[in-house]
Amino acid sequence: MSGYSLSDDSTSLGKWTFPDTSISGGEYIIVWADKDSGQNGLHAVFKLDSDGEQIFLSNPDGVI
């Protein structure tokens, strides 16, 4: 996952980039979209709207 990014804005795909992170097939990781980097775990620098919102995963080249 290193170099991949998450965003809630299709015009700014690199809002939050995964740190040096890897997962194997069948595994998962939790990323909290809550702007709370003071807690343990992976916390994105944006919040998702409670009314519903899209989230974008893009590779290091910016391709969704």
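A few points about this structure:
- Of all the numbered requirements in (1) touching a His at 6+ places or on another chain (Cβ under 6 Å); (2) open to solvent by less than 80 Å² (accessible area, probe 1.4 Å), VAL31 misses one, and that requirement is (1).
- Any chance SER50 is without any contact (Cβ under 8 Å) to a residue 24 or more places away in the chain and surrounded by 10 or more Cβ atoms within 10 Å (Cβ to Cβ): no
- Condition check for LEU42: within 13 Å of ASP8 (Cβ to Cβ) and surrounded by 10 or more Cβ atoms within 10 Å (Cβ to Cβ): no
- All of (1) at pLDDT below 95; (2) touching a Gly at 6+ places or on another chain (Cβ under 8 Å); (3) open to solvent by less than 70 Å² (accessible area, probe 1.4 Å) hold for LEU13 with one exception: (1).
The values are calculated or read from the model by the stated rules, or taken from the named source; none is laboratory data. Computed from a predicted structure; not experimentally measured. Reconstructed Cβ throughout: ideal geometry from the backbone, glycine too, with neighbour counts over all protein chains shown. Note: areas computed on protein heavy atoms with side chains; ligands, DNA, RNA excluded. Shrake-Rupley method; radii C 1.70, N 1.55, O 1.52, S 1.80 Å.
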